[in-house]
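Participant: Pasting a structure below so you can have a look.
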Amino acid sequence: MDFKKSAVYQIYPKSFCDSNGDGLGDLKGVTGKLDYLKELGVDYIWMTPFFVSPQNDNGYDVEDYYNIDPRYGTMEDFEELSREAAKRGIRLMLDMVFNHTSDRHEWFQKALSGDPKYKNFYIFKKGKDNGEPPTNWESKFGGNAWKYVEKFDEYYLHLFDVSQPDLNWDNPEVRQELQKVIRFWMGKGVKGFRFDVVNLISKDRYEDDYEGDGRRFYTDGPRIHEYLQELNAATFGTDAEIITVGEMSSTSMENCYRYASEDGRELSMVFSFHHLKVDFVGNEKWVIVPYDFQKLKHILFDWQTHMAEHHAWNAVFWCNHDQPRVVSRFGDEGRYWKESAKMLGTVIHCLRGTPYIYQGEELGMTNAHFDQISQYKDVESLNHFRILQEKGLPESAVYEILKIHSRDNSRTPMQWDGGKYAGFSDAEPWISVNPNHVRINAESEMQDDDSIFRYYQKLIRLRKDYDVVAYGDLEPLDEKHPSVMAYRRTWKDQELLVISNFYGKEVIWDAGRGLNGYTRLLGNYEDSRLNGTKAELRPYETVVLYRQS
Ligand code: TEU
């Protein structure tokens, strides 16, 4: 399967579909929805971790890489899912969390018991003479990144939660153990792997960071390419059918040229996040500022053109289980809900790269807007609820921030129908259902020919039908325009024009060239108003034009 023509659908199993009435989604739930995914037209399903885990970070804290958490089902359930998916031409992509384990992992338990072999699986260091932790690095989830262990009078590093100790990749035994994990799942026929925060595995100097939170000392570290090439050669690199994607935290484009180079020595493609920080202040996410549209375009275009120049491949996306819902973020979840959801989908799906759809995005699911702390489940949100108040923010202001930035916004149950628990479960779900499920749900989307779901089907199809969508180069058009994002893709004799209005106001966009002679492939209004060199765009209007010379 050509990954350049494929679309990947991300499933957060805990929130997708509950088959056994315990309020938690599970593997059988996913199997039961394969026909839905086939109808959508996706080629791969990326499943976030369902391995044995205490679930402090919803499975990104792995206790056992070889077994399935009983809350999600059994190995038989996994095998059934894999078989049933294959019957429908869908492949599975598993999520490998290799930067850290759970503190309940056998390796860490042995480390804590004092076994030197396993202590060297993790990163233990002495504190400073003044009694402070080894460095001032901050955990991504808030607070210092080191935890003191009295027994050793040492600290261990945890870039994420305190229950997620970082593995020591400089130890070859760790690397070999992790290779075994990949080979095990390859043996089960898995044809895709996503590597969690994989550019953080090569730590460099353990020094205080006086300019930032420490990330420059552990991001895209000195041995990162060596480690990825080794992993590739020892595992998935032996099977040309396998596709891989690396989640690259605060990465640089120069490194991504190598991570995702077409030479195939490292990974097939990368997720980068710079375009999703345009509503932050620098790296600070816990603030409320309008998103910077110019910056958004600039970053997307920059990555598009430079990655192509360097023969490297992007994963293209707006949404995942860590991001707020895009229609609430860059669209209009109210009056122009449908138009803006379709426009945003169009922008991503017509870019150069493999598109990823996060569960519910194809229904136009919106942010949760929770306003009680009991509704929040995410460790990062719960930590910041406290941290922001300690900084002096009133509780009401903290809620306003969480409503915009919390990862729980994307983790509410999938909205299958308008029933009590949205058709997700018969029991009360682990996290509240968004009340708008009575209006926004798969059942009603499937019945409407003009729905967001039907539109996503077309977007996925476009990439398969038109080589220019899959392979074409990209050229930004009128880059500085205040409200329109436009680009041209070209491939051999094919040309595609994608013109999108990101705002709720009509605008006339001057293409500077004739718009005649193109066929309209897709748009989110009944027709398109093109006149000579001008496109008249209604609120959130998008249009995809095609021509073959
Ligand atoms: O996320 C990595 C990561 O750094 C961010 O997504 C982070 O959670 C967020 O931006 C902080 O504001 C990956 C997983 O996708 C995430 O779910 C895990 O919690 C994290 O790694 C740890 O494994």
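Participant: At a threshold of 8 angstrom on Cα-Cα distance, excluding pairs fewer than six apart, so keeping six or more, what relative contact order does region 106-157 reach in percent? Don't skip to the end; give the middle numbers.
Facilitator: Numbers: 67 pairs, mean separation 14.8, N = 52.
Relative contact order comes out at 29 percent.
Participant: For the pair residue 311 and residue 479, how long in nm is the line joining their label points, each one 7 Å along Cα→Cβ?
Facilitator: So the label points at residue 311 and residue 479 sit 2.5 nm apart.
Participant: Let me ask something additional. Taking Cα pairs under 8 Å and at least six residues apart, what relative contact order does the chain come out at, in percent? Don't jump to the answer; show the numbers that get you there.
Facilitator: Numbers: 1166 pairs, mean separation 69.3, N = 549.
13 percent.
Participant: Please state the charge dipole magnitude for region 318-396, taken about the Cα centre, from unit charges on C-beta atoms (+1 on K and R, -1 on D and E), reported in debye and rounded to the nearest 20.
Facilitator: Values: 9 positive and 11 negative charges, 46 e Å.
Charge dipole of region 318-396: 220 debye, to the nearest 20.
Participant: So which of 128/203; 87/492; 297/338 end up more than 24 Å apart by C-alpha?
Facilitator: Numbers: 128/203 19 Å; 87/492 35 Å; 297/338 22 Å.
Beyond 24 Å: 87/492.
Participant: While we're looking at this one, here's another question. Determine the dipole magnitude for the chain: charges of +1 sit on the beta-carbon of Lys and Arg, -1 on that of Asp and Glu, nothing else is charged, the reference point is the Cα centre, and the result goes in debye to the nearest 20. Before the final figure, lay out each step's value.
Facilitator: Numbers: 68 positive and 89 negative charges, 215 e Å.
Approximately 1040 debye in magnitude.
Participant: Could I ask something else about it? Give me, ordered by chain and number, the residues 5 or more places off residue 166 or on other chains with an amide H under 5 Å from its own placed amide H.
Facilitator: Sorted by chain and number, the residues that satisfy this are 123, 157, 158, 159.
Participant: Stretched out fully, how many nm does the piece from residue 130 to residue 335 gain, at 0.36 nm a residue minus the Cα gap? Walk me through the numbers on the way to the answer.
Facilitator: Numbers: separation 205, 0.36 × 205 = 73.80 nm, distance 5.77 nm.
Here the answer is 68.0 nm.
Participant: Now a separate question. Could you tell me which residue out of 545, 249, 355 lies farthest along the dipole of the chain toward its positive end? Charges go on the beta carbon: Lys and Arg +1, Asp and Glu -1, centred on the Cα centre.
Facilitator: Projecting each Cα onto the dipole axis, the largest value belongs to 545.
Participant: To the nearest 10 degrees, how steep is helix 75-87 against the longest Cα principal axis of the chain, on a 0 to 90 scale?
Facilitator: The helix 75-87 is inclined about 20 degrees to the chain.
Participant: Now for a different question. First compute the accessible area of the chain with a 1.4 Å probe, then give the percent of it belonging to carbon and sulfur atoms. Walk me through the intermediate numbers first.
Facilitator: Values: 9510 of 20380 Å².
Here carbon and sulfur together make up 47 percent of the probe-accessible area.
Participant: Can you give the charge dipole size of region 396-498 about its Cα centre, rounded to the nearest 20 debye, using +1 on the beta carbon of Lys and Arg and -1 on the beta carbon of Asp and Glu?
Facilitator: 200 debye
Participant: I've got another one for you. Local charge sum around residue 163 (other residues, Cβ-Cβ under 11 Å, Lys/Arg +1, Asp/Glu -1)? Provide the component values of the computation, followed by the final result.
Facilitator: Details: positive: 104, 147; negative: 57, 61, 63, 103, 161.
After counting each charged neighbour, the total is -3.
Participant: Work from the charge dipole of region 106-157 (Cβ charges, +1 for Lys and Arg, -1 for Asp and Glu, about the Cα centre) and give the residue of 136, 116, 149 farthest towards its positive end.
Facilitator: 116
Participant: Helix 172-187 sits at what angle to the longest principal axis of the chain, using alpha carbons and giving 0 to 90 degrees rounded to 10?
Facilitator: 50 degrees
Participant: While we're looking at this one, here's another question. Leaving out ligands and nucleic acids, and using a 1.4 Å probe, what accessible area per residue does the chain come to in Å²?
Facilitator: Using a 1.4 Å probe on heavy atoms only, each residue of the chain averages 37 Å².
Participant: Tally Lys/Arg at +1 and Asp/Glu at -1 over every other residue whose Cβ is under 15 Å from the Cβ of residue 27; what's the total?
Facilitator: Numbers: positive: 14, 28, 33, 71, 83, 188; negative: 18, 22, 26, 69, 76, 77, 79, 80, 84, 95.
Neighbourhood net charge equals -4.
Participant: Then there is this: Compute the angle between helix 395-405 and the longest alpha-carbon principal axis of the chain, please, reported from 0 to 90 degrees and rounded to the nearest 10.
Facilitator: 70 degrees
Participant: Hey, any idea what the orientation-averaged projected area of the convex hull of region 195-244's Cα atoms comes to, in nm²? Don't skip to the answer; put the middle values down first.
Facilitator: Values: hull surface 15.8 nm².
Hull-based average projected area comes out at 3.9 nm².
Participant: For a test of the definition: using alpha carbon positions, the gyration tensor, and the 1.5 limit on a/c, classify region 106-157 as rounded, prolate or oblate.
Facilitator: oblate
Participant: Using the structure shown, select from 4/38; 125/151; 4/458; 126/147; 140/403; 14/464 the pairs with a Cα to Cα distance greater than 22 angstrom.
Facilitator: Flagged as over cut-off: 14/464.
Participant: Name the residue from 397, 221, 23 whose Cα lies farthest towards the positive end of the charge dipole of the chain, charges +1 on Cβ of Lys and Arg and -1 on Cβ of Asp and Glu.
Facilitator: So the residue we want is 221.
Participant: Using helices alone, what [θ] at 222 nm do you get for the chain, with -39,500 (n - 2.57) per DSSP H run of 4 or more residues, divided over all residues and rounded to the nearest 500? Please list the in-between numbers first.
Facilitator: Numbers: 16 runs with 152 residues, N = 549.
Roughly -8000 deg cm²/dmol at 222 nm, from the helical runs in the chain.
Participant: Starting from the Kirkwood radius over alpha-carbon pairs of the chain, derive D by Stokes-Einstein at 25 °C in a medium of 0.890 mPa s and give it in µm² s⁻¹. List each step's numbers first, then the result.
Facilitator: On the way: Rh = 24.2 Å.
Diffusion coefficient, whole number: 101 µm²/s.
Participant: Just to check I understand the Karplus step: with θ = phi - 60° and J = 6.51 cos²θ - 1.76 cosθ + 1.60, what whole-Hz values come out for region 16-33, glycine and proline as x?
Facilitator: 8, 7, 9, 8, 10, x, 10, x, 10, x, 8, 5, 4, x, 5, 4, x, 10
Participant: Quick one: what are the phi-derived ³J(HN,Hα) couplings along region 509-518, Karplus 6.51/-1.76/1.60 with θ = phi - 60°, whole Hz, x for glycine and proline?
Facilitator: 9, 9, 6, x, 7, x, 9, 7, x, 9
Participant: Beta carbons within 10 angstrom, averaged per residue: use that to sort the peptides 426-439, 116-129, highest first.
Facilitator: Working: 426-439: 17.6, 116-129: 15.8.
Most protected by this proxy first, the peptides run 426-439, 116-129.
Participant: If I model region 470-548 as equal point scatterers sitting on the Cα atoms and use the Debye formula, what is log10 I(q)/I(0) at q = 0.14, 0.15 Å⁻¹?
Facilitator: So the normalised log intensities work out to -0.41, -0.47.
Participant: Need one word for region 195-293: rounded, prolate or oblate. Basis is the Cα gyration tensor (sqrt eigenvalues a ≥ b ≥ c); a/c below 1.5 gives rounded, then a/b vs b/c decides. Walk me through the intermediate numbers first.
Facilitator: Numbers: a/c = 3.06, a/b = 1.55, b/c = 1.98.
The shape class here is oblate.
Participant: Per-residue counts of other Cβ atoms within 10 Å, averaged by peptide: what ranking do you get for 344-351, 181-188, highest first?
Facilitator: With the highest mean Cβ count within 10 Å placed first, the list reads 344-351, 181-188.
The values are calculated or read from the model by the stated rules, or taken from the named source; none is laboratory data. Quick caveat, the model's predicted, so the values are computed rather than measured. No Cβ is skipped: glycine too gets one built from the backbone with ideal geometry, and neighbour counts run over all protein chains shown. Each accessible area value is taken on the protein alone, full model and side chains, heavy atoms only, with ligands, DNA and RNA left out. Shrake-Rupley method; radii C 1.70, N 1.55, O 1.52, S 1.80 Å.
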